[in-house]
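Input: a single structure, listed below in structure tokens.
The values are calculated or read from the model by the stated rules, or taken from the named source; none is laboratory data. From a predicted model like this one, the values you see are computed outputs, not experimental measurements. Don't worry about glycine lacking a Cβ; one is built from the backbone with ideal geometry, like all the others, and counts go over all protein chains shown. When the accessible area is computed, the model is the full protein with side chains, heavy atoms only, and any ligands, DNA or RNA have been set aside. Shrake-Rupley method; radii C 1.70, N 1.55, O 1.52, S 1.80 Å.
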Amino acid sequence: MSTAAQPIFSKGEDCKTSWHDASAGYDETDTHLEIMGKPVMERWETPYMHSLSTVAASKGGRVLEIGFGMAIAATKIESYPIEEHWIIECNDGVFARLENWAKSQPHKVVPLKGLWENVVSTLPDNHFDGILYDTYPLSEDTWHTHQFDFIKGHANRLLKSGGVLTYCNLTSWGELLKTKYDNIEKMFEETQVPHLVQAGFKKDKISTTTMDIAPPTECKYYSFNKMVTPTIVKD
């Protein structure tokens, strides 16, 4: 249990330059994904990933997903009546999985290779009906803030009017709910909403739902018994 007490990132740690070609460690049962020793995704997250997917696909049309991981969210998005599914993934091993997975999906899949910072700037304005942002933080410096770099820099521009954004940063939120908050709605309201408003989204277009969840006791990044799904609609 001693490892569970260690922070996910040590001071000054930065994985960004090595992340793309680091081994994608899917375990034999396909229930855990580790990259560079980091717990990127675990299968117990499935009900929550499905909640995010349901929001992202709720407008149909063209959906952008940032971070492929274990295909949990992606597969759920594909179950909805969308038209196109664009997916950004930077890790080589995960991207190979994405390309193979894409072949058997019911809707058009557009796999996009690279760090999102390098890919999203090439995407057209007002292009997507839904966006799901769920990437892993790549440095201690951006552990709690990387989602805002995307949201402030690109989300409004990429969405069509009436389009919807949802996202999570479980590695950050899990830490905040261990160290600073015991109320998940308050955590989201105080640490997330001000940034969403700064990004140009109207406060009355930002809503959340919460769900009960039971993370396994050995999970290193999340131990709270609830998760929050944001729905942010562009005017």
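Key figures
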read-out	value
The range 103-134 - residue that is within 11 Å of residue 150 (Cα to Cα) and either part of a loop (DSSP other than H, G, I, E, B) or among the acidic types (Asp, Glu) (or both) and, of those, most open to solvent (accessible area, probe 1.4 Å)	117
Single unsatisfied condition, residue 98 versus (1) part of a loop (DSSP other than H, G, I, E, B); (2) without any contact (Cβ under 8 Å) to a residue 40 or more places away in the chain; (3) of a type in the set (A, V, I, L, M)	(1)
The one condition in (1) assigned to a loop (DSSP other than H, G, I, E, B); (2) out of contact with any Leu (no Cβ under 9 Å at 6 or more places or on another chain); (3) modelled with pLDDT under 95 that residue 200 fails to fulfil	(3)
Tally of residues being without any contact (Cβ under 8 Å) to a residue 24 or more places away in the chain, within 27 Å of residue 154 (Cα to Cα) and not basic (Lys, Arg) across the range 201-225	2
Members of the range 1-13 found to be at pLDDT 75 or above and either more than 23 Å from the chain's Cα centre (by Cα) or open to solvent by 80 Å² or more (accessible area, probe 1.4 Å) (or both), listed by number	11
Residue in the range 80-94 that is surrounded by 21 or more Cβ atoms within 10 Å (Cβ to Cβ), modelled with pLDDT of 95 or more and part of a loop (DSSP other than H, G, I, E, B) present	yes
Top-ranked residue of the range 123-154 - restricted to ones that are in contact with an Asp or Glu (Cβ under 8 Å, 6 or more places away or on another chain) and without any contact (Cβ under 8 Å) to a residue 60 or more places away in the chain, ranked as nearest to residue 190 (Cα to Cα)	144
Matching option when the condition is farther than 20 Å from residue 171 by Cα, surrounded by fewer than 17 Cβ atoms within 10 Å (Cβ to Cβ), within 15 Å of the chain's Cα centre (by Cα) and of a type outside the set (Phe, Trp, Tyr), among 54, 75, 29	75
Qualifying residue in the range 180-200 (condition: touching a residue at least 60 places away in the same chain (Cβ under 8 Å) and over 29 Å from residue 6 (Cβ atoms))	no
The listed residue being under 20 Å from residue 38 (Cβ atoms) and open to solvent by less than 50 Å² (accessible area, probe 1.4 Å), out of 223, 172	172
Condition broken by residue 157, with the remaining ones in (1) more than 19 Å from residue 205 (Cβ to Cβ); (2) open to solvent by 30 Å² or more (accessible area, probe 1.4 Å); (3) assigned to a helix (DSSP H, G or I); (4) in contact (Cβ under 8 Å) with a residue 24 or more places away in the chain satisfied	(1)
Tabulated pairs, the range 17-45, first free of Cβ contacts under 8 Å to residues at least 24 places away in the same chain and under 23 Å from residue 117 (Cβ atoms), second of a type in the set (Gly, Ala, Ser) and part of a helix (DSSP H, G or I), C-beta under 7 angstrom, 6+ apart or interchain	36/18
